[in-house]
């Protein structure tokens, strides 16, 4: 019903649909569902990052694994969600219950926190728990984004996703700080940290159950059948297909977070003890920039903003490669660019694609995009690990910086065809 109140503008945007004037309303004017889902994501991400913030340091300096295994684990962390994103999207469209499907994903992630004390220091056990957590994320992501799309006016989609991603990233920023606070108060108290993490994840499930209204995103009963086929058919439309292909290509040349943080620490001579703190810089920039860049995308074009975000990533790789600044100045420069990359691409992609998908199969269509992006980034993480292990970090960063630059040029030229 919110879409019916969106005002048509006098021009067309480069996003392939009717242009609309961007609202200048306050945060409180956003649909309550967006804010409630943002709260769920905030506490859930705080829970997740309590566990994963120290993972790269633990794996590299505690267990002594090299870039080959680190890249494989990074790929698993990214790619484990791929097929389950598609399954979650299909289930939400088929059952007409996106809230229920998303809640199941949040609940699964919460339960993995209870398994962490049991696996101890086993890499296989940690990988299994991380994969299960990512499966939960995969199940919930498309239904959650479909609910945001359903309740937000089309002209404000970038803003709505930007605010949601900012709240999500606030949790990613708070998680490591909470973990360090718990371990400072209880030295060696990893079980305590896991217990706090579980409580936060459980709180997210409670908010989801009692404060999120999923009725607006439910498709009419007559649209239940063949939602998977409808979603895949929608992805064959020229504009959507072009964006899908370029999203996959850009994902292949995106370095995984764990590998990037370790590479930054080693190439720019940052202290090893600072490694768990590096994600905080990325998360802080992401949180601060997500909503402003979402509003900018609504005004200037979501497609352009998406491409510009990957340009920031390419510059980040070049800074690491050239190493013009050693120590913290270089580290901060890279991670600021990395945070801008996420802020300009994560929610903006969903805001761009959502209006191009039919309502009855929107969740499935969004899941297709998220799955393709996850698979591309998983391949990128594995490839970077292989290059770093066999040829060194300099070669790996060179290949990815060149590949990202070429992909950006190709993406800009390829997507511009849709406006002709």
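The values are calculated or read from the model by the stated rules, or taken from the named source; none is laboratory data. None of these values were measured; they are calculated from a predicted model. Here the Cβ is made from the backbone with ideal geometry for all residues, glycine too, and neighbour counts use every protein chain on show.
Data table
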| quantity | calculated |
| --- | --- |
| Search result, residues across region 20-76 that are at pLDDT below 75, in a loop (DSSP other than H, G, I, E, B), surrounded by fewer than 23 Cβ atoms within 10 Å (Cβ to Cβ) and under 23 Å from the mean Cα position of the chain (by Cα) | 54 |
| Failed item, numbered, when residue 187 is tested on (1) at pLDDT below 80; (2) touching a helix residue (DSSP H, G or I) at 6+ places or on another chain (Cβ under 9 Å); (3) part of a loop (DSSP other than H, G, I, E, B) | (2) |
| Flag for residue 276 being free of Cβ contacts under 8 Å to residues at least 40 places away in the same chain, more than 25 Å from residue 82 (Cα to Cα), surrounded by fewer than 20 Cβ atoms within 10 Å (Cβ to Cβ) and out of contact with any strand residue (DSSP E or B) (no Cβ under 9 Å at 6 or more places or on another chain) | no |
| Matching option when the condition is out of contact with any helix residue (DSSP H, G or I) (no Cβ under 6 Å at 6 or more places or on another chain), part of a helix (DSSP H, G or I) and at pLDDT 85 or above, among 178, 111 | 111 |
| Residue match in region 149-164 (condition: assigned to a helix (DSSP H, G or I) and closer than 20 Å to residue 75 by Cα) | no |
| From 245, 260, 232, residue being in contact with a helix residue (DSSP H, G or I) (Cβ under 9 Å, 6 or more places away or on another chain), over 20 Å from residue 48 (Cβ atoms) and modelled with pLDDT of 85 or more | 245 |
| Scope region 384-404; condition over 20 Å from the mean Cα position of the chain (by Cα) and closer than 9 Å to residue 253 by Cβ; matching residues | 399, 401, 402, 403 |
| Top-ranked residue in region 330-376 [being at pLDDT 85 or above and over 19 Å from the mean Cα position of the chain (by Cα); ranked as surrounded by the most Cβ atoms within 10 Å (Cβ to Cβ)] | 331 |
| Qualifying residue in region 401-412 (condition: more than 27 Å from residue 86 (Cα to Cα), at pLDDT 85 or above and not in a helix (DSSP H, G or I)) | no |
